[in-house]
Every structure is written in C-alpha cells, then in structure tokens.
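A short write-up of the structure that comes next.
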Amino acid sequence: MEAFKTHTGLVLPFDRSNVDTDAILPKQYLKMLEKTGFGDFLFDDERYLDPGDVEIPVSGRRPDPAFILNQAPYNRGSILLARANFGCGSSREHAVWALKDFGIRVVLASSFGDIFFNNCFNNGVLPVILDESTIDELFELASGMGGLELTVDLEQCHIHTPRTTLRFVVEPGRRENLLSGLDEIGRTLTHSESIRAYEAKRRGLEPWVFD
Amino acid sequence: MAALTLYDKLWQRHLVDELSDGSALLYIDRHLLHEVTTPQAFSGLRAAGRKPWRIPANLAVPDHAVPTRKRELGIAGIADKVARKQVEMLSLNCEEFGIPLIELEDARQGIVHVVGPEQGYTLPGMTLVCGDSHTSTHGAFATLAMGIGTSEVEHVLATQTLRTQKQKNMRVVFEGLPGFGVTPKDLILALIGRIGTAGGTGYAVEYSGDAIRNLSMEGRMTICNMSIEAGARAGLIAYDRVTEQFVEGRPHAPVGERLEQARGYWRTLVSDTDAEFHREEYFQVDSLVPQVTWGTSPEMVTGIDGKAPVLSELAPEQRESARRALDYMGLSPGQSLKGVAIDKVFIGSCTNARMEDLRSVANLVKGHKVHRSVQQALIVPGSGQVRLQAEREGLDVIFQDAGFEWRSAGCSMCLGMNDDRLNSGERCASTSNRNFEGRQGKGGRTHLMSPLMAAAAALAGELTDVREI
Ligand code: SF4
C-alpha cells in the first residue's frame with residue numbers, strides 16, 4: 001500500500017452532508033475489474049450532463065460546468081472537504097479508488113461512514129474527522145479566490161492552514177499503517193501461529209464451524 | 001464476571017490477538033463473496049502468491065450484476081459484456097483458488113444475504129463478513145456479521161481474520177403489537193427516521209423487545225439488514241426458539257450430536273440481563289403508521305399519513321439537504337405523500353424478497369390488477385429457492401394475473417446494475433433499502449416502503465395507505 005506522511009494540496013470544497021458511495025461512484029462502474037481508471041467517473045451522475053458507462057469514452061461526454069469538479073482551480077483539488085457522514089451507504093471500495101484516481105489524498109469531514117472510513121486507510125487515503133465549526137471555517141476559507149491550500153501532516157497530526165495549525169486525532173494503529181505503507185496482510189501473517197492456535201481451540205469447542 | 005452484551009460475547013469468542021496498535025485480530029468463520037467486490041481481491045492474492053487460508057469458510061455466488069430474465073442461458077445470457085466478464089471472472093477465480101461457488105444457473109443462486117441463511121451457511125454465534133454493506137442482515141442469527149471493503153476481502157481470504165476495532169454497544173427496544181399493515185420494514189424505517197443515517201455509526205446495534213421476539217427470522221433479517229442505513233455496520237438479535245427452528249435442518253447446519261453440542265452454545269447467545277449499553281432507544285410500535293420515504297436518504301421518512309417537510313419548519317442545518325432532496329424527488333414542500341403517482345414498482349432486494357414478503361404481497365394483490373398507469377411492476381425473488389417455493393404455492397400465477405412481472409433472483413432494481421432500472425424522472429415504490437440519488441438509475445426517484453405498501457401502491461398507481469385498501 002502507498003504510504004502517507006504529509007500532503008500539501010488544494011481544497012476541493014464539497015458542501016454537502018450524507019454524501020453516499022453511490023454518488024461518489026455510480027453502480028455501472030462497479031463492473032470494472034481493476035483498482036484504477038475510476039477517476040474520470042468520480043461523481044459521474046452529477047459531473048456529466050449525459051449518461052455514462054464503462055465503454056463510453058468520457059472525451060465525448062458533456063461535463064456539467066456548474067459542477068465543482070469541472071471548475072478551476074478545484075478540478076486540481078487533492079483535499080476533499082465535506083460535511084457529516086461522508087461515504088455512507090454501500091461498502092464499494094471503488095468509491096475510494098475513484099477519489100484516489102482523481103487525485104484526492106485527504107478527505108476532511110465531521111464524520112464518515114464506517115466502511116468507507118476503513119477503505120480509505122487501506123488505500124493510502126487519509127480521512128480526517130474535524131469538528132463542525134472547524135469544517136465551517138475551512139469552507140469559508142476555501143470559497144475565497146484562488147482556493148485554499150493546506151498541508152496535512154500525519155506524522156505530527158497537524159493541518160497547516162494560512163491562518164493557523166489545526167490538530168487532529170487518528171487511531172494509532174491506523175496512523176502507523178499509513179505512515180509505513182506496509183502490506184497489512186503480510187503483517188497479519190506474522191500472527192499465523194496465533195491464528196492456528198486459535199483455530200485448534202475453537203475446533204474443540206465448536207467443531208461444526210470447521211466441518 | 002462482568003455482565004456482557006451479545007456483541008461483547010461474540011467479540012470475545014472470536015478475538016485472536018489484541019494488537020499493539022490498539023486494533024484487534026478477529027477470527028472470521030464465514031466469508032461470502034460475489035462478483036462485484038472480489039475481482040481486485042483475487043488479483044491481489046495472485047500478485048502476492050497467496051492462497052486462501054481456509055477454503056471451506058468461503059462461499060461465492062453471483063447476484064449484483066446478473067439479469068433476471070433468460071436464466072436458462074446461464075452466463076451466456078448476460079447481454080452486457082462487461083457484466084458477463086465479471087461473472088465469468090468470479091467463476092474463474094473460484095476455480096483457481098478452490099472457492100465453493102453457486103453458479104448462476106444453480107437453483108440455489110440468489111442474493112448473497114438470502115442464500116447464506118437459506119443454506120444454513122449462516123449459523124448462530126459465528127462471525128461472518130462479505131464485501132457488501134448489507135451483510136448486517138445475518139446478525140438476525142446472533143451472528144456478528146459485517147460488511148467489508150475489497151482490501152479486507154483479500155485480507156480475510158489470506159488470513160481468515162479481520163483487523164478491526166471494537167464498536168460500542170447500542171440497544172434498540174421495540175415494544176408492543178404493531179397494527180395491521182405495519183411490518184418489520186416500518187419498524188426499521190421509523191428507527192432510522194428517529195436516529196438518522198449516522199445515528200448508529202460506531203455501534204453494534206442489538207434489537208430487542210417483544211416486538212422483535214414475536215418476529216419470524218425473515219422479519220428479523222429485514223430489521224438487521226437496514227442497520228447499515230442507520231450507520232451501524234452490525235445489527236444483532238438474540239438467539240431463541242425462532243432462530244433454532246429456522247436453522248435446524250438447513251443443508252449446512254450441524255446434525256445429531258453436533259447439533260446438540262451446538263445448541264448448548266447457541267443458547268448462551270443473548271445479552272446478560274444486567275449488561276450495559278452505551279446508548280439505548282425505546283420504541284412503542286402500537287401506534288406506528290406504515291412508513292414511506294420522501295427524500296434521498298433513508299432518514300427522510302415519515303408515516304404514509306405524513307407530508308413532505310416544510311423547509312422553514314426544519315432545523316436550519318437540515319434545510320439545504322431537504323430542499324435538494326425535494327427538488328430531486330419532484331415533490332413540493334408540505335405535499336401529502338398519499339396520492340403521489342408512481343411509474344414503477346419494485347418488490348425485491350435482500351431487505352424484502354423472502355417468502356413471507358412474497359406471501360403478504362400475494363394475499364393483497366390476489367384477484368386485483370396493477371393500476372394501468374403503472375408502467376412496470378417487478379417481483380424479483382431473493383433466491384432461486386424462494387422462487388421455487390413461491391411457484392409451488394402458486395404465487396407466481398397470482399402475481400402475473402395481477403400484472404406483475406415474475407423474475408429470477410438477483411439484486412436487480414435495488415441498484416440497477418443489470419437492465420432493471422429507473423429512467424430519469426421515473427418514480428418507484430420500492431421495497432429495497434436505499435433511496436439515494438441515482439441508486440435505481442440516473443435521475444430515478446425511489447420511495448422506500450414495505451412489500452405490503454409497495455403492493456398497495458401498485459394497485460392504486462400512487463402512494464397509498466395499505467390499511468385503507
Ligand atoms: S439486494 Fe441491493 S442492497 Fe442487497 S446486496 Fe443486492 S444490491 Fe446490495
């Protein structure tokens with residue numbers, strides 16, 4: 001997995017709560033077999049005026065100029081700013097792959113859908129929970145001319161804005177994983193003996209589970 | 001010893017290791033797979049040269065992108081080439097890695113959350129995961145069941161464990177006797193209306209109270225299914241006689257001495273009487289009205305006697321999303337929901353496509369006709385087994401006589417990955433679980449409700465109160 005230490009980028013203000021993963025990546029793209037190539041379809045239903053599908057080239061489609069992802073400078077944004085319950089709904093990791101493929105490395109929101117939150121960490125995307133008043137302030141700053149540039153430092157758990165430095169909290173385990181970018185499966189497999197011992201014990205207690 | 005909740009007990013039973021980083025390694029007993037969230041996981045295994053840890057723990061079935069017609073053709077009958085390739089890929093991956101697969105043409109095929117319990121693959125006291133958020137359904141069996149992402153699918157395949165954090169405990173108590181026309185779907189929609197789609201985030205939610213105890217396993221699955229719409233990854237219901245009777249005799253359930261032994265353990269799968277919960281909600285269901293959603297989030301819900309909200313009466317922070325939702329749904333503020341004309345009806349999904357649901361619909365529509373203004377009324381059984389049983393009972397004839405289309409099993413118009421979907425602007429009475437913008441098709445408008453209410457809407461051609469039919 002890709003490590004995440006620190007990231008500087010432009011904020012993409014997405015002023016909405018309860019953004020669901022169906023909106024982030026509509027169902028027709030779930031047919032794809034890879035983890036890449038989803039960026040063009042991020043927020044597809046709103047981003048284009050005409051319907052899309054895997055085999056319809058985006059070059060021939062009509063982007064909706066009123067949609068923020070189609071507006072400069074936000075179309076270069078790499079830090080998505082949203083409100084409560086971002087990424088609720090379906091477990092599709094494709095939603096994170098689409099954000100990442102578009103160039104998003106950090107998502108700032110006041111809360112997240114649980115499964116989406118996990119999926120971010122598993123893909124080197126950092127979801128940060130900030131309180132609502134901080135989110136409000138960031139929206140205000142981000143809507144100014146030229147946008148807002150932030151530096152998100154996972155080592156220090158700091159976000160540097162032009163005005164101040166914000167602190168954020170990440171569970172230590174998740175932070176370590178992101179910082180190291182190590183393969184989680186490989187790390188878990190170092191516990192193979194515990195897993196085998198556990199299985200032997202359970203087999204004695206509940207043999208039908210292993211039948 | 002401290003009193004434990006059912007969730008605490010399941011957690012402790014499956015804990016392999018507490019990790020130095022504060023997370024835990026939880027053992028996974030059962031893993032369900034489908035075509036959409038697994039290809040990248042199998043590619044990952046292949047790239048790293050890894051093998052599945054315990055092959056019989058897994059069961060795969062294609063359901064999301066499959067057509068609901070021309071099933072006799074099997075995979076060749078999938079017209080969408082990209083979807084066909086994905087279903088083929090599931091077969092190839094299962095073959096390569098030795099994973100048991102129920103193929104498309106198998107009579108046991110169906111929505112993964114209907115198939116698991118039906119086959120006795122889901123059993124009490126287990127941990128069960130699947131790359132699908134509605135895995136919470138299986139919690140009805142006193143099973144710790146959670147939806148996971150594709151990276152986690154790969155992790156579970158390779159290690160038989162999940163790295164995860166313990167959730168907090170929440171209990172929702174439903175007391176009382178629901179009136180006619182009020183179903184488990186109405187209970188769970190009402191809960192989501194009260195606590196919101198993030199109300200359960202970070203919790204494992206246990207449903208209890210006499211209104212839950214009186215439910216069949218099918219009704220309990222409907223409740224647990226929509227835990228994720230309340231934000232909770234896992235929903236749970238204690239083990240009791242109803243669970244026992246459902247499970248026993250299923251193809252993968254233990255028999256003989258093993259069953260005796262299993263029952264001994266299963267009967268402990270209840271929260272201790274003095275166990276403490278971090279949060280509790282009480283619901284009196286006697287006066288509950290059939291529910292219907294008006295907006296684009298499951299929390300935007302009201303009784304069928306209710307109205308779309310008037311924006312000025314909402315909390316300021318809710319106004320913008322309500323305005324946007326009403327706009328998308330083509331409703332005006334303050335509009336009565338009763339009488340809103342519908343274009344399509346979808347009775348199906350892992351929430352409401354089991355026998356009890358279909359029987360209740362058949363009872364209501366028998367001898368009546370789908371209203372002529374309704375363009376399409378689909379009934380999609382949750383599994384091939386449900387389809388067969390319904391046909392044995394003659395329900396298919398009742399449905400078709402009434403003007404419904406009777407299809408083969410799959411997710412279908414719940415998410416519209418196949419060709420069952422809404423066109424832009426079409427309004428649907430749906431028994432599924434999500435009414436997000438575009439969920440059933442770009443620009444489609446979804447009203448979530450119970451099978452009874454959807455059937456009533458089909459007959460009336462508009463949203464209507466099933467109690468008045
Ligand atoms: S029926 Fe709908 S909610 Fe259930 S698994 Fe299929 S797509 Fe998901």
With the convex hull built on the alpha-carbon atoms of chain B, volume per residue in Å³ sits at 149 Å³
Run the paramagnetic zone check for A:GLU55: 7 angstrom along Cα to Cβ, then residues of segment B:69-85 with backbone nitrogen under 14 Å. B:78-85
Taking every residue of B:428-440, the Cβ atoms of other protein chains inside 10 Å of its Cβ average out to 3
Once both label points are put 7 Å beyond Cα along the C-beta direction, the B:SER287-B:GLN261 separation in nm becomes 5.3 nm
What list of ³J(HN,Hα) couplings, whole Hz, do you get for segment B:253-261 from phi and the Karplus terms 6.51, -1.76, 1.60, once you set θ to phi - 60° and write x for glycine and proline? 7, x, 10, x, 4, 4, 5, 4, 4
Between A:LEU182 and B:SER332, what is the label-point separation in nm under the 7 Å Cα-to-beta-carbon projection? 6.3 nm
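Would you work out the relative contact order for chain A, in percent, from Cα pairs under 8 angstrom that are 6 or more residues apart?
Reported as a whole number, the value is 26 percent.
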Which value in nm describes the separation of the simple spin-label points at B:ASP274 and B:GLN165, placed 7 Å from the Cα toward the beta carbon? 3.1 nm
Where Lys and Arg each count +1 and Asp and Glu each count -1, what net charge lies around B:ILE398 among other residues with Cβ under 12 Å from its Cβ? -1
Loop-only trypsin sites (Lys or Arg not before Pro) in segment A:24-125, please: DSSP not H, G, I, E or B, and at most 16 other Cβ atoms within 10 Å. A:ARG61
Using only Cα atoms, locate the centre of segment B:105-163 and the centre of segment B:172-214, then give the distance between them in Å, rounded to an integer. 22 Å
Förster radius 30 Å - calculated FRET efficiency between B:GLU391 and B:ILE55, Cβ distance, rounded to 0.05: 0.35
When the chain is fully extended, how far beyond the present Cα-Cα distance does B:ARG69 get from B:LEU177, taking 0.36 nm per residue of separation? 34.9 nm
Only loop residues by DSSP count here, and only those with at most 12 other Cβ atoms within 10 Å; note down the trypsin sites (Lys or Arg not before Pro) in segment B:60-125 that meet that. B:LYS70
Provide the FRET efficiency to the nearest 0.05 for the A:ASP131-B:LEU15 pair, computing r from the beta carbons and using R0 = 41 Å. 0.80
What net charge is computed for the residues neighbouring A:CYS157, neighbours being all others with C-beta under 10 Å from the C-beta of A:CYS157, Lys and Arg scored +1, Asp and Glu -1? 0
Under the definition of Cα pairs under 8 Å and six or more residues apart, what whole-number percent is the relative contact order of segment B:291-468? 28 percent
Distance violations [Cα-Cα > 18 Å] among A:LYS5/B:LYS168; A:LYS31/B:LYS442; A:LYS31/B:LYS85; A:LYS201/B:LYS9: A:LYS5/B:LYS168
Helical mean residue ellipticity (222 nm; -39500 (n - 2.57) per DSSP H run of 4+; nearest 500) of the protein assembly as shown: -9000 deg cm²/dmol
Across B:294-301, the residue-averaged tally of Cβ atoms belonging to other chains within 10 Å stands at 2
quick note, the protein assembly as shown, DSSP beta bridge pairs, % antiparallel (nearest 5) is 30 percent
Given the C-alpha centroids of segment B:323-395 and segment A:37-95, what is the distance between them in whole angstrom? 31 Å
Note on chain B: contact order normalised by length, alpha-carbon pairs under 8 Å, 6 or more apart, percent, works out to 17 percent
May I ask for the net charge around B:HIS34, where only other residues with Cβ less than 9 Å from the Cβ of B:HIS34 are counted and Lys, Arg are +1 while Asp, Glu are -1? -3
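Rule-based calculations on the coordinates, nothing more; no lab input. Please read all numbers here as calculations on a predicted model, not as lab measurements. Every residue, glycine as well, gets a Cβ built from its backbone with ideal geometry; the counts of neighbours run over all protein chains shown.
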